[in-house]
Structures are given as C-alpha cells and as structure tokens.
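K.L.:
Have a look at this one.
Bear in mind these aren't lab numbers, they're just calculated from the coordinates by the rules spelled out. Bear in mind that the values here come from a model prediction, so they are computed numbers and not experimental data. Note that each Cβ is placed from the backbone with ideal geometry, even for glycine, and that neighbours are counted across all protein chains shown.
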Amino acid sequence: MTDASNPHVFDASAATFEDAVIRKSLETPVLVDFWATWCGPCKTLGPILDKLAADYHGAFVVAKVDVDKEQELAAAFQIRSVPTMVLFKDGQLLGAIPGVLPEGQLREMLQQVGIEPAAPPVDDAPEVAPPLDPHAEVIRLRKAIETEPDKDELKLDLALALLQTGAASEAEHLLDRLPANLSTDDRAVKARARLGFAALLQDAPPAEVLQAAIATNPGDLHARHLLGVRELVAGDAEAGLQQFIEMLQRDRTYADGLARKSLIDAFRVVEDEDLVSRYRRKMSSLLLV
C-alpha cells in the first residue's frame, strides 16, 4: 500500500508509532490510515490519500497501518472496521473517520483543521557546468575557424580563450584584425583591458614567489600589485581586487596612485557586476577617509 516514490507516505507499526506519528505530529499533522490487504474499500481510499499527500507537498503526511500485522495497535485505537482514518495534530488525536470519503470531502476535512496545501518545493539549482579548459577551448575554436574561416565571432572567442592561456600576443593580433562591429563589442573591449594587465606580467615572478615576498614584507606593494594582476588574469577576480584594495589601504599615493588606477582598470575587466559594485564601494570609502 505504500508508494515508495511519495516521501509523504510511510508504513507505521507499534514500534515506530510513538516517534513516527505522535512526535512527528508536533511538527506536521499525521493522518493514520488503518487498512487491510483483503479490504476492497481500502484499495479505493489508499490511492486518494497518496494523491492528497503528494498534492499537499508535506503539509501533512500519511502513516499506513496494516491491521492484520499490527493487531495490538488496531485494538489500542478501537478500530472496528477498515478503512478507518485517525488524525494527529500537535501531538493530539483529533478524531477517527471510518469508511471511504471522496477526495473533495477529505480536502474539506483537512481545511477544517487548518491544513492547507504547501508550496511546491523549489527545484534544486541546476548543475553548474564545470569551467571550460581554456587550452581545450583554444583547440576547439581553431578547428571551428578552419571550418568557418569567415566567421569573425569565432575569432573573438579564440582571442578570449588565448588570453586565458597566457598567449597574449596572438590574442592581440586577432583583436587587431576584428571588423569594426566586433572591435567595439563589450567582450573585445574587456579583452583589450585584460591585455593591458597581461603585458604587465612579462618577466614577472611566479605567484608563489610574489606570495612569499608579501609574507615576508606585507608592505611590498610592488609584489602586491603583480600578484593582484596575476590573480586577475588567471580568473580569480576577487583575489586580484583584494590585493589592489590592500595597496590602497596601505598607501594610496604609491606609484602615482597605482592602486586606484589598477582598480578602475580591473572594473572594466571583471564581469561579475555585484563584485565590481562591492569593490567600488570599498575603494570609495578608502578614498574618502
């Protein structure tokens, strides 16, 4: 009688009744369905209760009790015929209803005791696709361009992918050859801004060396700037912005206002508008001090 696909319907026994029904009803009303395998009307009522439990999305649950298996439990509730429904709410027995009721009457009964359908559960957030491997994306786009050499949008996509792999020169070459309608595309503008950051990393130490320099001397703003640029170019926008903010906190005049300039340039590159807004506010509050 239990529908395994319906989480709001379950079997109850004498051993589980205290927890699964009485205590459960302190949080969620429990409608107990006393039934038997040989009972014809039970086979009519059971599916109606299953449907209601599903329709109400957990506003109440149905506990099924097989009277042949649970004779002592049936005797304790003086069940003289099946089907018989017993409703528990707030830990209290509200009453017993023998026989089969149509769905409409059951809905009215539930409404009378304050049970209304709950909102459907919100679907789980869709799975987020893992980030594309930029090197694999470069290979894919090169093949696509071989097939459609006149499709300039693919060349812009390739330039963006190349930037992520560090191939700044080839990316710049592709950007320079874009037609006018694409060269002013927002993605192309941001790519050129990213190129400016990438150019700063020529001959720059690796991130690990920069991190070690900052750990030794937190006031090394040159190392902080390069590390911020590295993190930004590598795709960790917040980490890069945080380095620039730290620079601004320590010395807003360093290198002719480099921290402020770096933040403004970064705001043109970062695509997360909420992140940009948050760091714009941080920058403004520091500049107003």
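K.L.:
Give the order of Phe77, Phe17, Phe60 when sorted by the count of other beta carbons within 10 angstrom, beginning with the fewest. Write out the running numbers ahead of the final one.
P.N.:
On the way: Phe77 17, Phe17 21, Phe60 24.
Least to most surrounded, the residues fall as Phe77, Phe17, Phe60.
K.L.:
Can you list the aspartates and glutamates whose alpha carbon is less than 13 Å from that of Lys51, not counting same-chain residues fewer than 8 positions off?
P.N.:
Asp3, Glu103
K.L.:
Which is farthest toward the positive dipole end of the chain among Thr16, Phe34, Leu182, measuring Cα position about the Cα centre, with Cβ charges +1 (Lys, Arg) and -1 (Asp, Glu)?
P.N.:
Selected residue: Leu182.
K.L.:
Dipole magnitude of the chain about its Cα centre, charges +1 at Lys/Arg Cβ and -1 at Asp/Glu Cβ only, in debye to the nearest 20? Display every interim value, and only then the final one.
P.N.:
Details: 30 positive and 46 negative charges, 159 e Å.
Dipole of the chain, to the nearest 20 debye: 760 debye.
K.L.:
Arrange the peptides 139-151, 156-168 so that the one whose residues have, on average, the most other Cβ atoms within 10 Å appears first.
P.N.:
Values: 139-151: 12.2, 156-168: 20.5.
Packing proxy ranking, top to bottom: 156-168, 139-151.
K.L.:
Cα-Cα over 32 Å: which of Lys24/Lys69; Lys151/Lys261; Lys151/Lys190; Lys143/Lys190; Lys43/Lys89? Could the numbers behind the result be given before it?
P.N.:
Details: Lys24/Lys69 22 Å; Lys151/Lys261 35 Å; Lys151/Lys190 20 Å; Lys143/Lys190 25 Å; Lys43/Lys89 25 Å.
Table pairs above 32 Å Cα-Cα are Lys151/Lys261.
K.L.:
Remind me, relative contact order of region 15-109 in percent, using alpha carbon pairs under 8 angstrom and six or more residues apart? Spell out each step's value before the answer.
P.N.:
Details: 142 pairs, mean separation 36.0, N = 95.
Dividing the mean separation by the residue count of region 15-109 yields 38 percent.
K.L.:
Still on this structure, please answer the following. Counting other Cβ atoms within 10 Å, keep those with at most 15, restrict to DSSP loop, and tell me which trypsin sites (Lys or Arg not before Pro) in region 1-101 are left. It would help to have the intermediate numbers written out before the result.
P.N.:
Working: sites: Arg23, Lys24, Lys43, Lys51, Lys64, Lys69, Arg80, Lys89; in loops: Lys69, Arg80.
Sites meeting the loop and neighbour criteria: Lys69, Arg80.
K.L.:
Please report, in debye to the nearest 20, how large the charge dipole of region 1-128 is about its Cα centre when each Lys and Arg carries +1 at its beta carbon and each Asp and Glu carries -1 there. Provide the component values of the computation, followed by the final result.
P.N.:
On the way: 9 positive and 19 negative charges, 102 e Å.
The dipole magnitude comes to about 480 debye.
K.L.:
Charges on Cβ only, +1 for Lys and Arg, -1 for Asp and Glu, centred on the Cα centroid of the chain; of Leu241, Pro218, Asn6, which one is farthest towards the dipole's positive end?
P.N.:
It is Pro218, whose Cα lies furthest towards the positive end.
K.L.:
If packing is taken as the average number of other Cβ atoms within 10 Å across a peptide's residues, how do 195-205, 224-234 rank, most packed first? Walk me through the intermediate numbers first.
P.N.:
Values: 195-205: 14.5, 224-234: 22.8.
Going by the mean number of other Cβ atoms within 10 Å, highest first, we get 224-234, 195-205.
K.L.:
How big is the gap, in Å, between the Cα center of region 7-58 and the Cα center of region 68-117?
P.N.:
Region 7-58 and region 68-117 have Cα centres separated by 9 Å.
K.L.:
How large is the helix-only mean residue ellipticity at 222 nm for the chain, computed as the sum of -39500 (n - 2.57) over DSSP H runs with n ≥ 4, divided by its residue count, in deg cm²/dmol to the nearest 500? Intermediate values should be presented prior to the final figure.
P.N.:
Numbers: 13 runs with 152 residues, N = 289.
Helix contribution divided over all residues of the chain: -16000 deg cm²/dmol.
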